[in-house]
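The values are calculated or read from the model by the stated rules, or taken from the named source; none is laboratory data. No experiment lies behind these values; they were computed from the predicted model shown. When we count neighbours, we look across all protein chains shown, and the Cβ atoms used for this are built from the backbone with ideal geometry, even at glycine. Side chains are part of the model used for accessible areas, which takes the heavy atoms of the whole protein and leaves out ligands, DNA and RNA. Shrake-Rupley method; radii C 1.70, N 1.55, O 1.52, S 1.80 Å.
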Amino acid sequence: MHDRRSFILGGTAAAAAAALGLAACGGSGAGSGGPDPDAAPEDQTVGVAMPTQTYERWVADGNNIKKGLEDKGFTVDMQYADDDIPTQQQQIDQMINSGVSVLLIASIDGASLSSQLDAAEAAGIPVIAYDRLLTDNENVDFYVTFDNYKVGVNQANALLFGLGLLDESFEPAADAPEGPLNVELFAGSLDDNNAHLFWKGAIDTLQPYFDEGTLKVLSGQMDIEQAATQRWEQETAQKRMENLLTTHYNGGEELAGVLAPADPLSRGIINALQNAGLGPTIEEGLPIVTGQDAEIASIKLIADGVQSSTIFKDTRNLAEQAIVAAESILNGEEPEANDTETYDNGVVVVPSYLLEVQMVLQSNYEETMVDSGYYTAEQVESGQL
């Protein structure tokens, strides 16, 4: 946490410091914002910048954050940017100019908001990065996210379990198939810092199997740049999977599994596999496909034996932790961090709060997703909210 930040000064001194900072900026265009611990909650506005509404999870995140903050009496200015970087930049500029008390940002591109972060600093407005790290700028005060390296570890273990290489205890299976088993690798969008952590967790886990020859990437595309999927788009993943099948699996070669880092990508990959006649379900020969975010359409596919797994990141808990952090800042306090070493954004190590994740399989989806109240049985059956 930057000790020059106005919210650490506390009380009226914070407001005075922010005002002096603005005067020194001389026409920066930033509004007079920042937290005032003496203000009533309804007089403090939290600016919430979200990346897109095309992903189910971001809609859930936004709804949970807005409701939670408003239940505590705070005013919320929440904007979705439709995955357009200039739009998100403009939205955050407007929030700063309107004098919000704190910014909560889920970025489209973590390195694209430096001028906005500088303007927030000049206006005395603290910044919380939400799930996606804001990079290449020192003016990031806190980060709330899941343990993204463990997400990748879990995805890799789910793939190994689906392939029969690990048993139900995730120990080496006694009756594991002999290799080599052909797998293909997909990664997320390179401008999302989390994509790199998912990839590292997965590759660190899979590497021994590559080294010993149990697993093989027949295409040879084993670098994250080759496996990346810009903007996490389903259509991009489907097209790449189609190209991989046409180029490398047109002579009877068998594809055993696909590491997919997010459910929309998983569904695109599954579409390509099914269209190529590789089986409607896993039982009927469909390769093992992993996922992430526990989207309702993919939970139905898991229930139906089509998608092998996903990773459940309970956005209710993430939103709750973001609200706790924002409320601490608005009260002139430092939010609690449980990790102060991992998240180096290229300029500073950002104090962070990491939440745990859960692997979802056909054997536990009811307990994890339905019994927890996240989805109803009817929603899973229909595959729709």
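Annotations for the structure displayed:
- Charges were assigned to the Cβ only: +1 to each Lys and Arg, -1 to each Asp and Glu. The resulting dipole of the stretch 82-237 about its Cα centre is roughly 120 debye.
- A simple charge model with +1 on the Cβ of Lys and Arg, -1 on the Cβ of Asp and Glu and nothing else charged puts the dipole of the stretch 224-375 at about 640 debye relative to its Cα centre.
- Lys/Arg +1, Asp/Glu -1 at C-beta; the chain dipole; positive extreme among Gly305, Phe210, Met222: Met222
- Loop-located chymotrypsin sites (Phe, Trp or Tyr not before Pro) in the stretch 104-201 (DSSP state not H, G, I, E or B) with no more than 16 neighbouring Cβ atoms inside 10 Å: Phe170.
- Pair-distance profile P(r), taking every C-alpha pair of the stretch 35-130, with 10 angstrom steps and integer %: 17, 51, 29, 3
- Cβ-placed point charges (K, R +1; D, E -1), dipole of the stretch 327-379 about Cα centre in debye, nearest 20: 160
- All Cα pairs of the stretch 199-274, percent lying beyond 22 Å: 23
- Listed residues Ala120, Leu190, Asn331: farthest to the positive end of the dipole of the chain (Cβ charges): Ala120
- For the stretch 261-369, the C-alpha radius of gyration sits at 1.42 times the compact-globule guess of 2.2 N^0.38 Å, with N the residue count.
- Share antiparallel - DSSP beta bridges, the chain, percent rounded to 5: 20
- Accessible area of the chain belonging to carbon and sulfur atoms, whole % at 1.4 Å probe: 44
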